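The values are calculated or read from the model by the stated rules, or taken from the named source; none is laboratory data. All figures in this text were calculated on a predicted structure; none of them were measured in a lab. Because the Cβ atoms are built from the backbone with ideal geometry, glycine has one as well, and the counts that use them run over all protein chains shown. Protein only, heavy atoms only, side chains kept; ligands, DNA and RNA dropped before computing areas. Shrake-Rupley method; radii C 1.70, N 1.55, O 1.52, S 1.80 Å.
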Amino acid sequence: MSENELAASKPIVLPLIDSANPEVLIFNTTAIRRLRDEYGILGVLIGTLAQYPQQNVFLSVPLKLMVWEVIWLFEQDVCVLVDWLKYCNLKKDAMNGDYKNKNLISLDKKKADTKPDFLITTNDYGEEDDWELIDQCKVTLQSYIDKYLSSPNCKTTIPQLISNYHKFKHLKNEGYFISPGLKFGGDLVIYPGDPLRYHSYSIIKFDFVDINEIIVGGRLATGVKKNMIIMESSHAKEQSSVGLDVANELFSDPTITAYSIEWAGFG
Amino acid sequence: MGKRNNRQLNKIYSRPLPITLTSQHYGITLPTLYPHNPISWIWFMIRYCQINVFYPVPESQTFEVHWENGIFKVVDEESMMKLWQMGFFGKGVLSRSEPTWKERVLARKKENVEAKDVAMEDITKMRREERKLFKSSRAQLQELELKDRQGIITAEEVEQLKALSETVQVLRKKGRVSGRSKSSIVERDSDGEDTDSEEEEDWEELAQLEYLQLQLVETFFLKFALNVINIPGIASTFDLFKTCCYQYDNNQSIQPNNKFIIDYVVYHHFRSLGWCVRSGIKFGTDFLLYKRGPPFTHAEYCVLVMKPDEQEYDWFQMAAKARVIGTVKKIFVLTYVGCPSPEEFKELVSQCEKDDTGLAIGDLLQQYKVSEILYRRWAPSRTRD
């Protein structure tokens, strides 16, 4: 227990895998547990096995965090974002030729001395985090967001990200457990408590492109015994993205208004 | 729907489009053709030529459509009814689809007199109320049964239990029957004319507040493809075409990927393949395809017209739509429309401008190509076995 207590005082390490397409993937089960128990951050378990491809009820590590969850943890000041490749390479150097470290297998024996540009991780890397090295590999929120926005799959703009984060934060601070809502065609699904114990009753949609989405959303939500929530932030959206202090903007607290939509007359 | 009812419906909705055929107009039919009998071939040819030469093509009835505040309206009661019965065009603005508002109001006004016609909306209402009653009595019944099992039931409650279980049984049976065969529909009078004088008076008193609203594509189809409507203020087919296009393109030049043109191409495509096409807005799609029409069967397909590249639907929208459509047991059809190049389009439009008959629009629309893809939501764990 004393170990756990010790760990609890430390911030949670969020490994940033592949800095070009930034993805926070957590393999450390202790960290996953702390996120869920202490902060109500669910993330999505995405690990599956080749032998068991239809396993889709409970998946395994790694845990993938949504961008808003990462920002929220930053705002609570309870996490550090770490460039995991750099960290592992530094660690390997520090161990100086001690090849017991199974995280760092270089396929080519000749190149064993050069730094590999890939990463092999097991479920639990089994070692204590080296805080000195972690301090060297910290990634700031600003650079994480910059990388997130410039990644090819990302279609969000900075003002959108800020306003969506405000909505997320509002819900999170209301005490809801939040998971992504793609399976219900929304942006988020909120639960009144841990999803393993409670059913969700709301689907969140950040913004609408056309009116059909209200029809579809309302109909879908009512069909699965939920309601649909549209949110509006008082934060001024039209701001030039140049020279914007993103972190400050993100951590501001605008007023959020929420509207719920339900289909009437369905049994 | 029961057999007898179907016959009634067949009579009311005998014509799939609001056009008059020569055979119907003059009451003549072509002789039966026996493929193995050459004489029947000759006789068929003779009759065919006769009919084409001696009987002029009958004029179809034209309907008056008004263009007001961006809406195409049909206000005349007879036209409203005919456009609905022949091809299911338009929507009554105070009804679910068929313009039944006046009928329903009249039925409500003379509640003491037994209603002859029950509108679809009323059936839905009745069913929902029945269901509510069923659910509440079932809940009560389950509660009492639980008490019974626990042995804490009183004599009074035993009586109640018996009565409830009967009610639930009756309701359950009723729900099944009325859900499937709609036995609660009172049949329409086959003559439909023997209304007594009292009713006649009521009919006169009540002003028709409802009008039939036509979609842009429906209006253009009635004008361009069938030529059975007349719109005061919009004389030629090309004027109508432009009016419809400007609903989406505000700048005065029409683009090849104008939403109206794309929608119309899809609408015309499915209409010409014999489907009854209606708006699919209630499921968040563009069109619904009915085999014959709403009174006969449920729609089988939901058609979504895919937008041109820049404004594609994202996965959230697709997932939501597919899920809604999946739960109502329809098939989701994505239609992609290939447009002509801007130069080609410009040239064809300028040709349309010179042409008074409106036939050049046909050449223009022929440049569009439609292709369909079926999309289905599939959850591997649920679909197994």
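Of note:
- If the condition is being of a type outside the set (Phe, Trp, Tyr) and in contact (Cβ under 8 Å) with a residue 24 or more places away in the chain, then segment A:147-157 contributes A:Lys147, A:Ser151, A:Pro152, A:Asn153, A:Thr157.
- Some residue of segment B:293-301 being in contact with a strand residue (DSSP E or B) (Cβ under 6 Å, 6 or more places away or on another chain) and of a type in the set (A, V, I, L, M, F, W, C): yes
- The residues on offer are B:Gly274, B:Gly280, B:Gly284, and the sole one that is open to solvent by 50 Å² or more (accessible area, probe 1.4 Å) and either under 22 Å from B:Lys369 (Cα atoms) or out of contact with any strand residue (DSSP E or B) (no Cβ under 7 Å at 6 or more places or on another chain) (or both) is B:Gly274.
- Residue that is modelled with the highest pLDDT, among those in segment A:190-214 that are within 14 Å of chain B (Cβ to nearest Cβ) and open to solvent by 30 Å² or more (accessible area, probe 1.4 Å): A:Ile214
- Every condition in (1) at pLDDT below 90; (2) under 17 Å from A:Leu42 (Cβ atoms) is met by A:Phe168 except one, and the failing one is (1).
- Residue pairs whose Cβ atoms lie under 7 Å apart, separated by 6 or more positions or on different chains, with the first residue in segment A:55-80 and among the polar types (S, T, N, Q) and the second open to solvent by 50 Å² or more (accessible area, probe 1.4 Å) and modelled with pLDDT under 85, are A:Gln55/A:Thr48; A:Gln55/A:Leu49; A:Asn56/B:Ser381; A:Ser60/A:Thr48.
- Residue list for segment B:280-293, filter: within 11 Å of chain A (Cβ to nearest Cβ) and on the phi < 0 side of the Ramachandran plot: B:Gly280, B:Ile281, B:Lys282, B:Phe283, B:Thr285, B:Asp286
- Every test in (1) open to solvent by 60 Å² or more (accessible area, probe 1.4 Å); (2) touching a residue at least 60 places away in the same chain (Cβ under 8 Å) is passed by B:Lys291 save one, and that test is (2).
- Looking at B:Glu344, B:Glu312, just one residue is more than 30 Å from B:Ile234 (Cβ to Cβ), surrounded by fewer than 18 Cβ atoms within 10 Å (Cβ to Cβ) and among the acidic types (Asp, Glu), and that residue is B:Glu312.
- Within segment A:215-246, the set of residues being modelled with pLDDT under 75 and open to solvent by 30 Å² or more (accessible area, probe 1.4 Å) comprises A:His235, A:Ala236, A:Lys237, A:Glu238, A:Gln239, A:Ser240, A:Ser241, A:Val242, A:Gly243, A:Leu244, A:Asp245.
- Segments classed as helices (runs of 4 or more DSSP H), wholly inside segment B:15-111, with at least 2 members that are open to solvent by less than 80 Å² (accessible area, probe 1.4 Å), within 20 Å of B:Leu214 (Cα to Cα) and in contact with a Leu (Cβ under 9 Å, 6 or more places away or on another chain): B:77-85, B:101-109
- Number of positions in segment B:233-256 that are touching a residue at least 24 places away in the same chain (Cβ under 8 Å), under 20 Å from B:Phe221 (Cβ atoms) and either open to solvent by 50 Å² or more (accessible area, probe 1.4 Å) or touching an Asp or Glu at 6+ places or on another chain (Cβ under 7 Å) (or both): 4
- Answer residue from segment B:121-145, given it is more than 30 Å from B:Trp101 (Cα to Cα) and open to solvent by 80 Å² or more (accessible area, probe 1.4 Å) and is nearest to the other protein chains (Cβ to nearest Cβ) among those: B:Arg138
- Of the criteria (1) in contact with a strand residue (DSSP E or B) (Cβ under 7 Å, 6 or more places away or on another chain); (2) free of Cβ contacts under 8 Å to residues at least 40 places away in the same chain; (3) not polar (S, T, N, Q), which one B:Ile325 fails: (2)
- Residue within segment A:179-186 that is under 28 Å from A:Ile17 (Cβ atoms), surrounded by 15 or more Cβ atoms within 10 Å (Cβ to Cβ), out of contact with any Lys or Arg (no Cβ under 8 Å at 6 or more places or on another chain) and touching a residue at least 40 places away in the same chain (Cβ under 8 Å) present: yes
- Of the residues contained in segment A:70-86, none is found to be at pLDDT 70 or above, in contact with an Asp or Glu (Cβ under 9 Å, 6 or more places away or on another chain) and of a type outside the set (A, V, I, L, M, F, W, C).
- Hey, B:Leu304 within 13 Å of another protein chain (Cβ to nearest Cβ), of a type in the set (A, V, I, L, M) and part of a strand (DSSP E or B) or not: yes
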